[in-house]
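Asker: For reference, the structure I am asking about is given below.
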Amino acid sequence: MSRTADIDLVFERAVTVEAVVGALAGERWSLQEPLGVSYMVNNDGLFNWQSAPTDQVTQILALVDSPDNIHYHVGVCIYSSAAKTGGQLLFHAGRSRCSFTPTIDRRGLSGASKLTDIAWYLNKLVRPLLAIGLTGYEARDLAD
């Protein structure tokens, strides 16, 4: 049996990927993850993730935040080297909503490691995003 865990984040207005990543940097999240930098622009319906070297962060942020891509889902992976965990941030068209899915070394609950430690992720994501207009979230961890 597999699990699906995610946190849907709602902002009062459209946000940029760069603004979200910048806000999360205070909690030591980074675009640099074990594979380099991973990103996606879903302009073809395939959700085809790409990897790039870390020296291309500026170009990747320019691509995902381009006005040409505002009507498409875009995504980046974020990673905390201190906590050794991370996941995908998927920004929905219009950019007032995004979802975080812990896909890189997901943290399990102590004593119930099959369940995701959603509270840990909420503590690391919500507070810094309040400064850029986060108005709410919905979190879930479900068996598939």
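The values are calculated or read from the model by the stated rules, or taken from the named source; none is laboratory data. None of the values given here were measured: they were computed from a predicted structure. Neighbour counts are summed over all protein chains in view; Cβ atoms, including those assigned to glycine, are modelled from backbone coordinates with ideal geometry. The accessibility values were calculated without ligands, DNA or RNA, using every heavy atom of the protein model including side chains. Shrake-Rupley method; radii C 1.70, N 1.55, O 1.52, S 1.80 Å.
Asker: The range 24-105: which chymotrypsin sites (Phe, Trp or Tyr not before Pro) are DSSP loop and have at most 16 other beta-carbon atoms within 10 angstrom?
Answerer: Working: sites: Trp29, Tyr39, Phe47, Trp49, Tyr72, Tyr79, Phe91, Phe100; in loops: Trp29, Phe47, Trp49, Tyr72.
Those satisfying the criteria are Phe47, Trp49.
Asker: Would you please state the base-10 log of I(q)/I(0) at q = 0.13, 0.14, 0.21, 0.30 1/Å for the range 63-114, with intensities from the Debye formula using one equal scatterer on every alpha carbon?
Answerer: Here log10 of I(q) over I(0) equals -0.41, -0.46, -0.76, -1.07.
Asker: Which whole-number percentage describes the relative contact order of the chain, with Cα contacts under 8 Å and a sequence gap of 6 or more? Write down the numbers at each step before the final one.
Answerer: Details: 275 pairs, mean separation 53.6, N = 144.
Computed over the chain, the figure is 37 percent.
Asker: Taking only the Cα atoms of the range 1-79, how large is their convex hull per residue, in Å³?
Answerer: On the way: hull volume 10.4 nm³, N = 79.
Considering the Cα atoms of the range 1-79, their hull volume per residue is 132 Å³.
Asker: Based solely on its DSSP helices, what 222 nm [θ] is calculated for the chain when runs of n ≥ 4 H residues each add -39,500 (n - 2.57) and the sum is averaged over all residues, nearest 500 deg cm²/dmol? Walk me through the numbers on the way to the answer.
Answerer: On the way: 3 runs with 30 residues, N = 144.
One gets -6000 deg cm²/dmol as the mean residue ellipticity at 222 nm.
Asker: In the range 1-33, whose amide N lies under 11 Å from the spot 7 Å out along Cα-to-Cβ of Ala143? List them in ranges.
Answerer: 1-3
Asker: Over the chain, average the accessible area per residue using a 1.4 Å probe and give it in Å², no decimals. The partial results should precede the final answer.
Answerer: Working: 7580 Å² over 144 residues.
I get 53 Å² per residue for this part.
Asker: Based only on Cα atoms, what mean projected area does the convex hull of the chain have, in nm²? Show your work: numbers first, answer last.
Answerer: Details: hull surface 34.2 nm².
One quarter of the hull surface, i.e. the mean projection, equals 8.5 nm².
Asker: Next question. Quick check: net charge around Ala131, other residues with Cβ under 15 Å of its Cβ, Lys/Arg +1 and Asp/Glu -1? Display every interim value, and only then the final one.
Answerer: Details: positive: Arg13, Lys124, Arg127; negative: Glu12, Glu18, Glu27.
Within the 15 Å Cβ shell, the charges total 0.
Asker: Still on this structure, I have one more. In a GNM of the chain with a 10 Å cut-off on Cα contacts, which of Asp117, Asp65, Asp55 has the highest mean-square fluctuation?
Answerer: Result: Asp55 has the largest fluctuation of those listed.
Asker: Over the chain, with every protein chain in place, what whole percent of the accessible area is carbon and sulfur at 1.4 Å, could you tell me? Provide the component values of the computation, followed by the final result.
Answerer: Details: 3830 of 7580 Å².
Accessible surface attributable to carbon and sulfur in the chain totals 51 percent.
Asker: Taking the chain as a Gaussian network, where each spring joins two C-alpha atoms under 10 Å apart, which residue of Ser51, Ser80, Ser96 fluctuates the most?
Answerer: Evaluated over the chain, the most mobile residue of the options is Ser51.
Asker: Multiply the residue gap between Arg127 and Val10 by 0.36 nm, knock off their C-alpha separation, and tell me the result in nm, one decimal place. Mind showing how you got there, number by number?
Answerer: On the way: separation 117, 0.36 × 117 = 42.12 nm, distance 1.32 nm.
Roughly 40.8 nm would be gained on extension.
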